[in-house]
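To start, the structure itself, in structure tokens.
The values are calculated or read from the model by the stated rules, or taken from the named source; none is laboratory data. All of these numbers come straight from a predicted model, not from anything done at the bench. Heads up, the Cβs are rebuilt from the backbone with ideal geometry, glycines too, and the neighbour counts pull from every protein chain shown.
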Amino acid sequence: MVGYDKNDSMTSQEKLLAGCLSGVMTKCITQPMDVIKLRSQLLRKPKQRHVVYRVARRIFWEEGIRAFWHGHVLGQVHSVLAVSSQFFMYELATKWTSSLPIAQKTKPIEHFLCGTLAGCFSTCLVIPLEVIRVRQMVVKDQYSSVFKGAQAVYRYGGITAFYEGLSASLLQMGPQAGISFAVFNFVQPLILSFFTVCPPNECSKGNKYKPQNIVLASSVAGSTAGFIAKSVTYPLDLAKRRLQFSTHRPSQKYKTPTQAQEMIRCNKLLECLVYAYKTEGFKGLYRGWTVTVYKAQMTSVFAFTSYEIICYTFRELHIYYK
């Protein structure tokens, strides 16, 4: 179960490692959808129908199959830091709140607040990498490596450019993580309650259910959590991506994809939201929502499920190495 449990046999270091491994596995699978999602959000005048298909087709024909993994190396570093820090901070927060006299009926609020804290902490930690990664996914040649990308970001906007979109990121990722953890910790136990508890002689300390039951419950709960959390906070995600390109300047030295030449950029959070609403109406606030929700669901499913299974494995290994 995600969150602190006083009966758990795992150490904090093992949970941190589980978060890192979960981040690596999740990013390998979701990177192509991340690239398509970002291009969809930044297009100035997209076709109204089949936007995701059109974006993916143009990426493939103009830049090749490898373009779907632009920024992947940096994305792996970002994912490891983001996922591991989020899970680790959530574990610490729930460990602290476990000593407080909190009524059972207010547990969802506790999970939401602990998740929000974890989301904000993770955002502050990884946003400089995220700014570079986002630009890599759109203009690969100009931000071809971590160091080259960092130099370009600094040259165009100074040190503050690494924190472009921070306000939108905090407003988005804090509640998004809070909702995600709260929904997951509500849905997963609900599904597990339909299964028989694992006998003490068959499962190690901290593992209450068999692995196949945990996978099923975590997958459903993760998908639900990803859909709800991303849908509620999506307009802020859209604004964040556009803010992270505000200081980007194209250079004639590097090849710039045609999609990157039509990008929307803005300098203020409110400006981004107002522009999206004025130009396309309410739908403009949800540009690229479809692929983003699919990606969010996949991310939540793989992140939560892989984290749970890795933790399950560590607990089982304790039996063999005692």
Take the stretch 280-294 and flag every residue that is surrounded by 13 or more Cβ atoms within 10 Å (Cβ to Cβ) and assigned to a helix (DSSP H, G or I).
GLU280, GLY284, LEU285, TYR286, TRP289, THR290, VAL291, THR292, VAL293, TYR294
Any chance ILE102 is modelled with pLDDT of 80 or more and β-branched (Val, Ile, Thr):
no
Residue among SER180, SER251, SER246, SER193 that alone is hydroxyl-bearing (Ser, Thr, Tyr) and modelled with pLDDT of 90 or more:
SER180
Pairs, please: C-beta under 9 Å, at least 6 apart or cross-chain, first residue among the polar types (S, T, N, Q) and in the stretch 185-196, second surrounded by fewer than 19 Cβ atoms within 10 Å (Cβ to Cβ) and modelled with pLDDT of 90 or more?
GLN188/VAL220
Picking from MET1, MET33, which residue would you name as being closer than 30 Å to ILE309 by Cβ, at pLDDT below 80 and assigned to a loop (DSSP other than H, G, I, E, B)?
MET1
